[in-house]
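Next up is a structure, given as structure tokens.
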Amino acid sequence: MMYAQIRCNVLSTCASELEAIFKTAGVEFVGLLEPDPETLASYSDRLYSGKTIEIIELIDGLSRMFYLASLQTPIKPGGELEPEFTLFFNVNSREALQVLLRVIGKKRIRGKRYRHRSGINFAISFLGSLLFSSLLNTKNYFLQSILLLALTLLIYLAIDYPLRAPLLQRH
């Protein structure tokens, strides 16, 4: 599942542009203006049938609008509809999707703090592997490079995996 939040100057203008993108792609969608969390969660059965679920939230500071679509291939809006952030979730059941939709509806997901997380985790893992591989001090530069890359990847996965594992997999 993909959840994206797009900040708009005028909500109706962004909504019409996004609807045009969906209609051009031939995607069925549902638009909800200021839904409560239970209304948002009630669409979980309809959404769960597709291969990819997209939830796009348009906000303008005063109100918000959700577009829900279940599609075969993801659609990435661009231009003025560039998302402030995009989060991906691995949802394994309808119940988990309901819980996630309730959490989104209650405004408990803030993506700004996740925007640079992967880059920071990669930098930390690179520095950690550089330090560790320099302690080993091999004379072969090729082996040193391979060791550096392997350690960077392992440390990155060790740091980033717990943060990417959705809380909703327990359901």
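The values are calculated or read from the model by the stated rules, or taken from the named source; none is laboratory data. The structure presented is a predicted model; accordingly, all values stated were derived computationally and were not measured. Every residue, glycine as well, gets a Cβ built from its backbone with ideal geometry; the counts of neighbours run over all protein chains shown. These area figures cover heavy atoms from the full protein model, side chains too; ligands, DNA and RNA do not enter into them. Shrake-Rupley method; radii C 1.70, N 1.55, O 1.52, S 1.80 Å.
Packing-wise, with mean Cβ within 10 Å as the measure, how do 38-44, 100-106 rank, highest first?
100-106, 38-44
Now a separate question. Can you sort L143, L68, L127, L151 by solvent-accessible area, 1.4 Å probe, largest first?
Result of the area sort, largest leading: L127, L143, L151, L68.
Can I ask one more? With the cut-off at 1.5 for a/c, could you classify the range 113-160 from its C-alpha gyration tensor as rounded, prolate or oblate?
Prolate.
If you roll a 1.4 angstrom probe over the protein chains with everything in place, what fraction of the accessible area of the range 2-109 belongs to carbon and sulfur, to the nearest %?
Its accessible area is 50 percent carbon and sulfur atoms.
Of R46, R94, which has the most accessible area with a 1.4 Å probe, and how do the rest follow in descending order?
Most to least solvent-accessible, the answer reads R46, R94.
Per residue, how much accessible area does the range 2-109 show when a 1.4 Å probe rolls over the protein heavy atoms, in square angstrom?
Result: 50 Å² of accessible area for each residue.
Output the peptides 14-23, 53-62 sorted from most to least packed, where packing is the average of other Cβ atoms within 10 Å over each peptide's residues.
Ranked from most to least packed, the peptides come out as 53-62, 14-23.
Rounded, prolate or oblate: which one fits the range 2-109, using the alpha carbon gyration tensor with axes a ≥ b ≥ c (rounded when a/c is under 1.5, else prolate when a/b beats b/c, else oblate)? Intermediate values should be presented prior to the final figure.
Numbers: a/c = 1.69, a/b = 1.23, b/c = 1.38.
It comes out oblate by the Cα gyration axes.
Follow-up question, since we're still on this one. Determine the shape class of the range 1-50: with a ≥ b ≥ c the square roots of the Cα gyration tensor eigenvalues, call it rounded for a/c under 1.5, and otherwise prolate if a/b is greater than b/c, oblate otherwise.
oblate
Contour minus end-to-end for A25 and L136, with contour as 0.36 nm per residue of separation and end-to-end as the Cα-Cα distance?
Length gained, A25 through L136: 34.6 nm.
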